[in-house]
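Inspection log for the structure reproduced underneath, given as structure tokens.
The values are calculated or read from the model by the stated rules, or taken from the named source; none is laboratory data. Fair warning: this is a prediction, and the values are worked out from it, not measured in the lab. FYI the Cβ positions are ideal-geometry reconstructions off the backbone, even for glycines, and counts take in every protein chain you see.
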Amino acid sequence: MNEVKYLIIGGGVAGTTAAETLRSTDPEGGIAIVSDEPYRFYSRIMLSKPNFFLEKIPFDQIWLKPDSWYAANRIQLLKGRKAVQLETTPKIVTLDDDSPWHYQKLLLATGARARKWDVPGAEKRGVYALRTLDDAKEIIAQVKQTKEAILIGSGFVSFEMADMLRLAGIDVTLVILESYYWEPVLDETSGRMIEKVLQDHGVKINHRAEVAEVLGGEAVTGVRLKDGRQLPCQLIIAGIGAACTTDLAQAGGIKTNRGILANEYLETSAPDVWTAGDCAEFRDLLLGEQIVLGNWVNSQSQGKVAALNMAGRHDPFKLVSFYTTSGFGMTIAFVGDSRAGEGREVILRGSPQENAYGRLIFQGGKLLGATLINLTREMGLIAKLIELGRDLSPHKPALANLRTDLATLISANG
């Protein structure tokens with residue numbers, strides 16, 4: 001029986017940050033990380049960046065921790081191992097090599113996996129999702145022999161991959177179910193702004209379209225759409241979202257929903273078990289509801305808070321989330337709760353004509369979130385206004401004007 005004080009399932013940013021925080025807090029407690037990937041900690045952010053994909057920077061820049069870091073901090077890294085069984089009463093995790101690990105405190109930082117693209121022929125060579133370093137390696141190799149590529153879905157992955165593939169001189173076609181890009185997450189004005197940038201750079205877009213079949217023998221040669229059209233390609237990337245990895249938690253009787261359920265302290269329903277990162281569905285104190293946030297900054301922050309609490313603190317997790325992406329000279333950002341719906345008011349800021357356009361999402365006088373195109377410079381100010389949670393009703397008329405400095409609203413309400 002392997003004995004360890006702190007056992008972490010997941011070697012990504014949440015798990016590695018947790019291990020680093022635990023070691024700085026508890027110099028003597030044993031720490032082990034179980035990672036189902038055969039690699040040490042690397043940057044998932046870099047996976048969809050053109051300089052990495054086009055091999056303009058050294059491959060080694062992907063690594064964020066050297067092997068020596070684990071040894072120097074006395075952190076056991078079990079690479080290429082999968083946790084297959086969890087018993088929370090005797091506090092035992094069993095790995096896929098049948099080795100049992102007894103823990104005192106457990107962190108589930110199991111991340112998320114790419115949603116399966118369930119289309120006939122999707123198993124052919126040349127069809128990929130982009131989630132792991134192995135995915136990226138395979139796509140990089142395939143790009144070198146690709147003239148035409150098809151991207152499935154509208155969102156971060158398709159936008160960033162379209163940029164990279166066009167820089168590589170590849171003909172790119174988007175196939176999306178929606179009537180405009182990123183519907184309904186964005187409004188039509190935002191979606192059309194993104195589409196204009198894509199089309200100006202030679203990307204073809206098929207709206208309200210769906211693939212019926214992937215064509216080819218062992219390797220993809222094209223797709224047949226449900227309307228009968230056939231499109232040639234040698235590469236397909238399905239960017240249709242991700243699903244929280246909850247299998248181990250469910251096997252251990254821990255409560256799950258979309259993700260692994262946790263309170264504001266990132267504690268799960270089982271004693272001495274915490275969760276952090278893309279797999280966590282935690283109570284957001286700013287919104288007063290259970291949410292899942294799949295981004296790097298959130299995962300890093302949660303890994304730190306979870307580790308502090310594992311080591312004896314009782315700190316709530318509180319962070320205004322944000323996501324950003326860039327491509328074709330355009331930046332897109334989401335801050336806080338950017339859902340526009342019943343009971344919420346949307347204040348439009350800027351315009352497509354100004355090439356800077358945002359939506360500020362209000363509930364009453366309280367700012368909840370925003371979507372921003374070419375307004376990334378305002379992201380931090382908006383996050384601060386959300387965190388303050390003050391009544392901004394008197395300022396709403398001025399917010400549509402880009403000349404209104406958001407910093408003055410912070411000081412005016414301070």
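Numbers below:
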quantity	calculated
Selection count, region 259-286, where residues are surrounded by 17 or more Cβ atoms within 10 Å (Cβ to Cβ) and modelled with pLDDT under 95	2
Residue within region 292-301 that is over 30 Å from Asn51 (Cα atoms) and surrounded by 15 or more Cβ atoms within 10 Å (Cβ to Cβ) present	no
Scan of region 223-266 for residues that are in a strand (DSSP E or B) and either of a type in the set (A, V, I, L, M) or without any contact (Cβ under 8 Å) to a residue 12 or more places away in the chain (or both), ordered by number	Val223, Leu225, Leu231, Leu235, Ile236, Ile237, Ala238, Ala242, Ala243, Ile260, Leu261, Ala262
Val172 crowded, with 22+ Cβ neighbours inside 10 Å and at pLDDT below 95	no
So Ile361, is it aliphatic (A, V, I, L, M), modelled with pLDDT of 95 or more, touching a Pro at 6+ places or on another chain (Cβ under 9 Å) and surrounded by 16 or more Cβ atoms within 10 Å (Cβ to Cβ)	no
Hits in region 384-394 (condition: assigned to a helix (DSSP H, G or I) and either surrounded by fewer than 19 Cβ atoms within 10 Å (Cβ to Cβ) or among the aromatic types (Phe, Trp, Tyr) (or both))	Lys384, Glu387, Leu388, Ser393, Pro394
Which numbered condition Met310 misses (of (1) over 23 Å from the mean Cα position of the chain (by Cα); (2) without any contact (Cβ under 8 Å) to a residue 60 or more places away in the chain)	(2)
Residues of region 171-189 classified as in a loop (DSSP other than H, G, I, E, B) and in contact (Cβ under 8 Å) with a residue 60 or more places away in the chain, total	3
Check on Ala398, part of a strand (DSSP E or B), touching a helix residue (DSSP H, G or I) at 6+ places or on another chain (Cβ under 9 Å) and on the phi < 0 side of the Ramachandran plot	no
One residue from Leu54, Leu95, Leu108 being over 30 Å from Gly216 (Cβ atoms) and more than 20 Å from the chain's Cα centre (by Cα)	Leu95
